[in-house]
Amino acid sequence: MDILYLLIPLSLVLVFVIGAVFWWALKSGMFDDLEGPAYRILQDENEVPGRKPGAP
Amino acid sequence: MTVTTTCYHCGLPVGADGVYRALVDGESHPVCCPGCQAVAEAIGANGLSSYYRTRTAFAPRGPERPADQAAALVIYDRPEVQAAFVQRIGENERETMLILEGITCAACVWLNEQHLSRLPGMLSVDINYATRRARVRWDASRIELSQILWQVETIGYRAWPATSAAVERARKRETRAALWRLFVAGFGMMQVMMYALPGYLAQDGTMTDDIQVLMRLASLVLTVPVVLFSAAPFFRGAWRDLRRRRLGMDVPVALGIAVAFAASVIATFTRAGEVYYDSVTMFVFFLLCARYLEMRARQHAAARIEYLDKALPLGAHRLLEFGRRMDAEEVPAIALKPGDFVLVRAGETFPADGRIVQGDTEADESLLTGESTPMRKGQGDTVVGAALNCSSPVVVRVEHVGEDTRVSSIRRMVEAASMQRPGIAAAADRVAGWLVGTVLLVAAVAALVWWHVDPSRAIAVAVAVLVVSCPCALSLATPAAMTVAVGLLARRGVVVVKAHAIEALADATHVVFDKTGTLTEGQPGVVAVHPRPGIEIDDALALAAALERTSEHPIGMALVEAAAGATAIEAVDVRNQPGAGVEAYVDGIRHRLGTCAFVTEIAGLLPPAPAPENGATRVWLGREGAWLAASDLIDRLRPDAVATVRRLREEGRRVLIWSGDAGDAVAAVARRLDVDGYAAALLPEHKLARMVALQRDGAVVAMVGDGVNDAPVLAQAQLSIAMGSGAVVSQANADVVLLSGRLTGLLDAFALAARTRRVVYENLAWAAAYNLAALPLAAAGLVSPWLAGLGMGASSLLVVLNALRIAFPRSRSPLRSSRRRTTEIVPAPTRA
């Protein structure tokens with residue numbers, strides 16, 4: 001059971017590390033648009049101008 | 001069901017003749033107008049046709065007069081105009097936020113992004129789907145802002161710079177702060193729960209005191225940020241309520257958190273008594289979830305209100321030395337002062353209130369008056385800012401600018417009116433206040449009683465009462481359902497601006513339409529032609545169209561439209577006489593089209609003809625010495641007006657028309673739609689009086705309005721609905737905006753509101769039953785704080801899950817069927 005004296009403070013440290021990571025993600029704008037990327041992934045076909053769709 | 005052809009691009013019905021067709025990817029598709037044709041072909045030519053395959057809603061109608069607008073946008077390139085909204089990065093790099101109008105689905109976002117990012121000199125384009133805003137960065141040495149704005153218009157959308165960058169930044173800060181609070185509370189909750197669990201599972205004596213203290217200290221470390229940071233809004237809210245001497249939802253919440261936390265801290269350090277860290281963090285997390293969802297919905301709605309920004313134009317042509325020279329100088333509209341002379345060209349918007357000093361024209365003041373027919377304006381007449389100059393250039397002496405203009409004063413009036421609306425929301429607040437008071441009282445009494453029975457449990461019982469009967473599920477019940485409903489409707493082009501709208505929609509007993517622009521298209525159409533014996537109708541129309549070919553007057557455009565398909569006749573030397581008609585030479589003979597008097601001057605006595613029916617407007621056509629035909633025009637009904645009114649009446653609502661227009665026209669529309677009642681020639685104050693009288697009899701009135709003159713009455717109605725194509729000011733203040741401009745959106749809104757209200761009632765019934773059962777149990781000491789927290793959490797979760805059910809209707813509803821509309825279009829047989 002003695003290991004708990006190490007593990008519990010360690011888990012606290014871990015919580016703060018994860019908190020910091022999330023804070024960084026938030027700060028860099030990762031959560032600003034929660035809907036757009038879900039749609040955008042379906043649409044990146046990058047069609048070349050002039051090429052007729054339907055052609056292989 | 002009859003098969004109607006709809007425009008490939010915008011989904012509006014195509015005229016029976018189907019003259020416009022767009023060639024996309026080698027296939028010909030029917031479109032409704034040259035604007036849509038140009039847009040569809042531009043999209044195809046740029047290799048962006050995948051837009052048509054992936055979109056989930058139709059696009060807005062294409063631009064009407066492209067050439068004028070490109071020139072008008074140049075004002076945005078001026079440094080002093082850009083100063084307000086463009087950020088300079090380095091020497092040539094510029095960045096700004098654009099508001100995109102016309103975005104209806106994700107494919108629109110993709111289309112705009114692809115199109116803009118291919119422009120030379122464009123550095124980055126970043127479009128936010130939720131807020132319809134684009135952050136663009138460009139190289140000012142290679143491309144101008146006006147070109148970017150114009151490129152957006154060529155594909156059928158509209159962009160203008162978001163001048164309120166500060167508001168934008170504040171909104172972003174709010175979102176990020178809310179997410180951060182939510183995360184801190186959620187992560188704190190999970191971790192604290194892990195520290196708390198052994199305490200619940202351990203048998204007596206199996207966990208040493210040291211370990212228990214360590215666990216409690218760890219929980220304390222994690223709970224401190226949750227209480228001090230995440231729960232701060234609740235403490236601030238409670239403090240604000242207390243200072244105003246009233247009881248809000250935040251008071252028991254803040255009190256519960258504070259008492260439980262304080263008791264836990266004392267227990268931790270004295271090593272005696274219970275700790276409630278897990279209850280506290282869980283409680284805060286669930287409450288923040290609800291707040292976050294509510295905030296998201298609110299921000300979606302607020303993004304729409306910036307439509308107001310474009311009511312007054314940004315630039316003006318100031319005449320420096322009017323009277324001697326006509327040299328115009330481009331200036332920002334904010335730089336105008338009373339006494340300045342400005343030149344307003346045809347098709348432009350008046351930048352300020354003023355008086356015409358030179359020229360004759362017609363002004364479309366529908367934004368302010370709701371009157372769709374342009375008003376004749378001559379020298380000495382006043383014009384109002386935000387009105388559209390329809391026919392010819394005029395010089396205006398500026399009298400009022402900016403906040404002093406009429407459009408601004410009307411906006412302020414509406415703001416004031418909307419503050420004192422009859423509130424169903426206010427009633428809900430009062431009930432909640434009583435409930436909170438009861439909870440506080442019960443908690444205090446329970447604590448007092450237990451202090452005498454068993455002092456060691458007094459705090460636990462008080463906390464349990466506060467937490468378990470916190471009206472959390474009750475306060476979540478409504479917003480959770482509303483958020484789901486608002487999101488669903490937004491995807492159907494129905495924007496709910498104010499939260500109470502859904503409730504009012506479900507309760508509405510009367511639906512009142514303002515005729516202009518809501519039930520009708522606001523554009524006249526030809527309904528009857530009475531030619532002189534011996535002349536074919538088609539020939540008469542072709543001749544009329546020839547005279548009006550270059551006209552931008554609604555009547556002229558209607559005649560041209562009616563003659564589409566007939567052999568084109570050429571008219572030369574076309575001369576427009578405002579207020580009377582148009583004159584031109586066909587085959588060397590003078591022809592006139594217009595009012596009776598105007599045509600009589602050359603054609604001689606006009607023959608007797610049947611009086612125009614249904615309040616139609618009659619125009620005459622004649623040539624030197626002989627009259628040729630009379631055409632009747634009438635403001636046409638929207639294609640879905642009849643079906644919508646019938647459906648509303650089937651659902652047991654009374655449908656009324658209150659119009660400011662003349663009696664005949666209104667009576668005709670009322671007859672064709674079979675409404676329950678109508679009134680014509682009403683002034684705004686008459687409408688207001690009628691509204692108040694109806695409401696006194698207990699009616700819940702939904703007003704569908706358009707022009708700004710309706711704004712006071714819209715504000716008085718329990719529910720105000722504005723059509724997306726209507727005046728911008730009424731949109732900004734309406735409870736609901738139909739962006740699609742389709743009346744069937746109303747049916748969607750009513751159907752969804754009824755379903756939402758049922759779910760809200762279920763939620764409220766559940767929350768009330770839960771609180772009624774839990775309160776006595778907690779007061780009796782049978783519920784420990786952790787169980788209270790769990791019960792509260794479970795009841796909230798149940799309420800949210802029930803709310804999500806709104807998105808999945810059991811039966812096939814109008815909402816469902818409209819979702820599949822894009823695939824249901826049946827191409828009309830092509831005419832040979």
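Just so you know, all these numbers are worked out from the coordinates, no wet-lab data involved. Because the structure is a prediction, the values reported are computed rather than measured. Every residue, glycine as well, gets a Cβ built from its backbone with ideal geometry; the counts of neighbours run over all protein chains shown.
Between B:ARG173 and A:TRP24, what is the label-to-label distance in nm when each label sits 7 Å out along the Cα-to-Cβ direction?
In this crude spin-label approximation the distance works out to 2.5 nm.
Report the gain in length on full extension from B:THR270 to B:TRP434: 0.36 nm times residue separation, minus Cα-Cα distance, nm rounded to one decimal.
55.3 nm
Note down the nm distance, to one decimal, between modelled labels 7 Å out along Cα→Cβ at B:LEU197 and at A:PHE31.
The answer from the label model is 2.4 nm.
Compute the distance in nm between two label points, each set 7 Å from the Cα along the Cα-to-Cβ direction, one at A:LEU7 and one at B:ALA335.
7.3 nm
Can you list the HN-Hα couplings for segment B:619-631, worked out from phi with the Karplus curve (6.51, -1.76, 1.60; θ = phi - 60°), rounded to whole Hz and with x for Gly and Pro?
The phi angles translate into 10, 9, 10, x, 10, 3, x, 7, 8, 10, 6, 10, 10 Hz.
Over segment B:525-634, what relative contact order in percent results from Cα pairs under 8 Å that are six or more residues apart?
28 percent
Whole-Hz ³J(HN,Hα) for each residue in segment B:669-674, computed from phi via Karplus 6.51 cos²θ - 1.76 cosθ + 1.60 with θ = phi - 60°, x for glycine and proline: what do you get?
My calculation for segment B:669-674 gives 5, 4, 5, 5, 8, 6 Hz in order.
Take the Cβ-Cβ distance between B:ARG590 and B:ARG355 as r, set R0 to 35 Å, and report the resulting FRET efficiency rounded to the nearest 0.05.
Taking R0 as 35 Å, the efficiency between B:ARG590 and B:ARG355 is 0.50.
Which whole number gives the average count of other chain Cβ atoms within 10 Å of the Cβ atoms across peptide B:179-192?
3
On a full-extension model of 0.36 nm per residue, what is the gain between B:THR206 and B:ARG240, subtracting their alpha-carbon distance, rounded to one decimal in nm?
7.6 nm
Return the long-range amide H neighbours of B:GLU93 (sequence gap of 5 or more, or a different chain), with a cut-off of under 5 Å between placed amide H atoms.
B:ALA140
Sorted by average packing, counted as other Cβ atoms within 10 angstrom per residue and highest first, what order do A:18-25, B:257-264, B:589-596 take?
B:257-264, B:589-596, A:18-25
Find how many whole Å separate the alpha carbon centroid of segment B:558-593 from the alpha carbon centroid of segment B:638-707.
Here the answer is 38 Å between Cα centres.
Once R0 is set to 25 Å, what does the formula 1/(1 + (r/R0)^6) return for the Cβ-Cβ distance between B:ASP539 and B:ARG618, expressed as a FRET efficiency to the nearest 0.05?
0.85
How far, in nm, would the chain grow between B:ASP676 and B:LEU605 when pulled straight, counting 0.36 nm per residue and subtracting the alpha carbon separation?
The span from B:ASP676 to B:LEU605 would gain 21.3 nm if fully extended.
Show me the trypsin sites (Lys or Arg not before Pro) within segment B:181-281 that DSSP assigns to loop and that have at most 15 other Cβ atoms within 10 Å of their Cβ.
Listed in order of number, the matching sites are B:ARG244, B:ARG245, B:ARG246, B:ARG271.
Among residues other than B:LEU606 whose Cβ falls under 12 Å from its Cβ, what is the net charge (Lys/Arg +1, Asp/Glu -1)?
+2
Which FRET efficiency value, to the nearest 0.05, is calculated for B:LEU123 and B:LEU23 with the Förster distance at 41 angstrom and r the Cβ-Cβ distance?
Once rounded, the FRET efficiency stands at 0.80.
Quick one: B:MET189, B:MET691, fewest Cβ neighbours within 10 Å first, how do they rank?
Ordered by Cβ neighbours within 10 Å, fewest first: B:MET691, B:MET189.
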